[in-house]
1. Does any residue in region 192-209 that is within 20 Å of residue 245 (Cα to Cα) come within less than 6 Å, Cβ to Cβ, of a residue that is hydroxyl-bearing (Ser, Thr, Tyr) and part of a loop (DSSP other than H, G, I, E, B) six or more places away or on a different chain, and which pairs are these?
2. Report, by residue number, each residue of region 30-56 that is open to solvent by 20 Å² or more (accessible area, probe 1.4 Å), within 16 Å of the ligand (Cβ to nearest atom) and without any contact (Cβ under 8 Å) to a residue 40 or more places away in the chain.
3. In region 153-169, what residues are out of contact with any helix residue (DSSP H, G or I) (no Cβ under 7 Å at 6 or more places or on another chain), of a type outside the set (S, T, N, Q) and either open to solvent by less than 30 Å² (accessible area, probe 1.4 Å) or within 16 Å of the ligand (Cβ to nearest atom) (or both)?
4. For region 225-254, which residues satisfy the criterion of being more than 30 Å from residue 282 (Cβ to Cβ) and β-branched (Val, Ile, Thr)?
5. Scanning region 173-187 for residues that are in contact with a strand residue (DSSP E or B) (Cβ under 9 Å, 6 or more places away or on another chain) and away from the ligand (no atom under 11 Å from the Cβ), which turns out nearest to residue 138 (Cα to Cα)?
6. Considering only residues that are among the basic types (Lys, Arg) and open to solvent by less than 40 Å² (accessible area, probe 1.4 Å), look in region 79-115 and name the one that is nearest to residue 40 (Cα to Cα).
7. Return only the number of the condition from (1) open to solvent by 10 Å² or more (accessible area, probe 1.4 Å); (2) within 17 Å of residue 159 (Cβ to Cβ); (3) out of contact with any helix residue (DSSP H, G or I) (no Cβ under 7 Å at 6 or more places or on another chain); (4) in contact (Cβ under 8 Å) with a residue 40 or more places away in the chain that residue 212 does not satisfy.
8. Just to verify a result, which residue in region 240-250, among those that are closer than 14 Å to residue 203 by Cβ and in contact (Cβ under 8 Å) with a residue 60 or more places away in the chain, is nearest to the ligand (Cβ to nearest atom)?
Amino acid sequence: MNARTIRKKFLDYFESKEHQVVRSSSIVPADDPTLYFTNAGMVQFKNVFVGEESRSYSRACTSQKCLRVSGKHNDLENVGRTSRHHTFFEMLGNFSFGDYFKKEAIGFAWEFLTKTMGLDETRFVATVFAGEDGIPGDDEAFDIWHKEMGLPKERVQRLGKADNFWAMGDTGPCGPCSELHYHQSDEVPCNEDKCLGAACECDRWVEVWNLVFMQFNRDDKGAFHPLKAPGVDTGMGLERLAAVLQGQLSTYDTDLLMPIIHRVADLAGKRYGDNGEDDVSLRVV
Ligand code: SER
């Protein structure tokens with residue numbers, strides 16, 4: 001399935017679930033001195049999440065252009081060297097502003113991936129927040145995955161704050177999250193004695209979707225204040241989903257990026273695949 005079709009199917013799916021389809025905002029946030037660049041789909045909705053702005057809709061979906069080159073959530077050192085990290089990428093997201101919460105968010109994600117996209121459900125592991133720093137673990141999300149979606153207990157992993165608590169920046173809306181990781185192949189090298197599965201940095205598994213349950217607003221002293229109307233902020237890498245659906249281990253080998261890499265290689269007088277270090281440079285460009 002090509003990326004254009006995937007993007008359209010995503011937006012159509014959420015439109016059919018009464019979400020407003022909203023255009024990607026600028027990569028330079030309109031009015032946010034805390035961020036240089038838009039680094040997630042929720043950035044244009046930040047004030048809606050904290051209750052400072054209201055919209056005519058309480059459900060939205062986007063395909064948001066994102067840039068991660070500095071600050072929190074940047075993967076700059078990995079770009080070009082791994083099969084899945086980028087500076088620029090597109091994030092597919094669905095959002096609830098005080099409307100639905102965990103049960104619907106998890107149900108939508110599962111239905112979209114396994115039914116609309118037709119991916120093999122046995123290749124997924126879900127992760128949920130284990131609890132840390134006085135913030136309780138997310139038993140509710142665990143139960144939804146296990147009891148309602150039918151994932152066996154061993155395919156729902158509990159991880160700490162580094163993996164399963166999401167914040168846009170040092171201040172602002174944040175909350176526990178639940179990620180979906182897809183098993184690509186055991187043939188891919190892993191540096192651990194025993195691969196850590198969804199928690200591993202290797203390419204055997206790829207995180208495709210992050211479902212954030214926005215519950216708190218963090219102030220500049222680091223204190224968490226419960227939001228009056230908790231919401232949902234999800235983000236799925238279009239390039240990663242395209243790789244999975246196109247049977248590629250690397251996002252660079254998808255129809256989104258391969259034509260650009262070949263064009264850059266032509267301009268540079270190189271051939272992609274001939275030399276490892278040159279290939280890193282071509283992917284970086
Ligand atoms: N904001 C979350 C992320 O960037 C989910 O969209 O992962």
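The values are calculated or read from the model by the stated rules, or taken from the named source; none is laboratory data. In this text the structure is predicted, and so the values were computed from the model without any measurement. Backbone-built Cβ (ideal geometry, glycine too); neighbour counts: all protein chains shown. Note: areas computed on protein heavy atoms with side chains; ligands, DNA, RNA excluded. Shrake-Rupley method; radii C 1.70, N 1.55, O 1.52, S 1.80 Å.
1. 203/83
2. Residues satisfying the conditions are 32, 36, 37, 44, 47.
3. 160, 161, 162, 165, 166, 167, 169
4. Within region 225-254, 232, 234 meet the criteria.
5. The selected residue is 176.
6. Ranking the qualifying residues of region 79-115, first place goes to 84.
7. (1)
8. Only one residue fits best here, namely 240.
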